[in-house]
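Undergrad: Take a look at this one; I'll ask things after.
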Amino acid sequence: MATSTQSQISVHEPKPTIPNLDIEQQTVEGLEIEVVDYTSRAQWLRAAVLGANDGLLSTASLMVGVGAVRKDVKTMILTGVAGLVAGACSMAIGELVSVYSQYDIEMAQMKREVISESETNERKAKLPSPFKAAAASATSFSVGAFVPLLAAGFIKDYNLRLGVVVAAVSLALLGFGGLSAVLGRAPVVKPSLRVLVGGWLAMGLTYGLTKLIGSTGI
């Protein structure tokens, strides 16, 4: 009788389960893979790099151009300082107006959609700040403009000063081009060379045209 009861119990006992060893069908829980969207960096990266390049090239080209007809260091430095201040103000105002226009368009679109107040506040928080954008643009321009000013500030000989300015600007152009490529996970060589050749063309054209106009006696 006891043996019969034990056999009935053993029949109804659950069979041990074999763990699924198929790795392809298993899901990994708790493992978070962070995917970096490098395209989200495009807007601020573009503004920062363009601002620095503008400050670098416009200030250096002004200094080299004026230096083609006025070789004293004081004139070259004053020209660079004027270019820095005027360019930084221009960049800041331009960025302020541009971002404010975008801000107004986004706000008008939210009003047309008639969304809730919480959603409106959430979307407003994601909009870019016009004043922060203006400050960042002016700062990046000034950083670039300081390079030729520092390079020329302590050299009295004209030919040496001109060579040092061109060399310093060339290195900075390579640095800015390489930095933008690295941050954007793009190839480094081509963007750097592209920026460098563009800078040489800008400085060369400014120097040549200013020298030509100055030789006419105007």
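The values are calculated or read from the model by the stated rules, or taken from the named source; none is laboratory data. This is a predicted model, so every value here is computed, not measured. Counting neighbours? That spans all protein chains shown, and the Cβs are built from the backbone with ideal geometry, glycine included.
Undergrad: Restricting to the range 45-69, and then to whatever is over 17 Å from Ala82 (Cβ atoms) and surrounded by fewer than 23 Cβ atoms within 10 Å (Cβ to Cβ), can you tell me which residue is modelled with the highest pLDDT? First the steps, then the outcome.
TA: Keep residues of the range 45-69 that are over 17 Å from Ala82 (Cβ atoms), which gives 45-53.
Now narrow it down to the ones that are surrounded by fewer than 23 Cβ atoms within 10 Å (Cβ to Cβ): 45-50, 53.
Numbers: Leu45: 65, Arg46: 65, Ala47: 67, Ala48: 73, Val49: 74, Leu50: 76, Asn53: 86.
Within the range 45-69, the match that is modelled with the highest pLDDT is Asn53.
Undergrad: May I ask you to say which residue of Ala86, Ala172, Ala151 is aliphatic (A, V, I, L, M), touching a Leu at 6+ places or on another chain (Cβ under 9 Å) and either closer than 21 Å to Ser61 by Cα or exposed (fewer than 13 other Cβ atoms within 10 Å of the Cβ) (or both)?
TA: Numbers: Ala86 fails: touching a Leu at 6+ places or on another chain (Cβ under 9 Å); Ala151 fails: touching a Leu at 6+ places or on another chain (Cβ under 9 Å).
One residue alone meets the criteria, Ala172.
Undergrad: Moving on to the next point. Could you tell me which residue of the range 102-148 is modelled with the highest pLDDT, considering only residues that are surrounded by fewer than 16 Cβ atoms within 10 Å (Cβ to Cβ) and of a type in the set (Val, Ile, Thr)?
TA: Ile105
Undergrad: Can I ask one more? Which one of these is in contact (Cβ under 8 Å) with a residue 40 or more places away in the chain and either of a type outside the set (A, V, I, L, M, F, W, C) or farther than 24 Å from Leu205 by Cβ (or both): Ser180, Ser129? Outline the logic, then answer.
TA: Working: Ser129 fails: in contact (Cβ under 8 Å) with a residue 40 or more places away in the chain.
The unique qualifying residue is Ser180.
Undergrad: Being under 23 Å from Gly65 (Cβ atoms) and either aromatic (Phe, Trp, Tyr) or surrounded by fewer than 20 Cβ atoms within 10 Å (Cβ to Cβ) (or both) is the filter here; which residues of the range 176-195 pass it?
TA: Phe176, Arg194
Undergrad: Picking from Thr210, Thr206, which residue would you name as being more than 16 Å from Asn53 (Cβ to Cβ), touching a Gly at 6+ places or on another chain (Cβ under 8 Å) and surrounded by 12 or more Cβ atoms within 10 Å (Cβ to Cβ)?
TA: Values: Thr206 fails: more than 16 Å from Asn53 (Cβ to Cβ).
Result of the check over Thr210, Thr206: Thr210.
Undergrad: What are the pairs, 6+ residues apart or on separate chains, where a residue within the range 94-117 that is in a loop (DSSP other than H, G, I, E, B) has its Cβ under 8 Å from a residue that is at pLDDT below 90 and surrounded by 14 or more Cβ atoms within 10 Å (Cβ to Cβ)?
TA: Ile115/Arg123
Undergrad: Could I ask something else about it? Working carefully through the options Leu196, Leu179, Leu171, Leu150, find the one that is more than 14 Å from the chain's Cα centre (by Cα) and either over 18 Å from Gly80 (Cβ atoms) or part of a loop (DSSP other than H, G, I, E, B) (or both). Please lay out each step first, then the result.
TA: Details: Leu179 fails: more than 14 Å from the chain's Cα centre (by Cα); Leu171 fails: either over 18 Å from Gly80 (Cβ atoms) or part of a loop (DSSP other than H, G, I, E, B) (or both); Leu150 fails: either over 18 Å from Gly80 (Cβ atoms) or part of a loop (DSSP other than H, G, I, E, B) (or both).
One residue alone meets the criteria, Leu196.
Undergrad: When you go through (1) out of contact with any Leu (no Cβ under 8 Å at 6 or more places or on another chain); (2) of a type in the set (Val, Ile, Thr); (3) farther than 19 Å from Ala82 by Cα one by one for Val165, which number turns out not to apply?
TA: (3)
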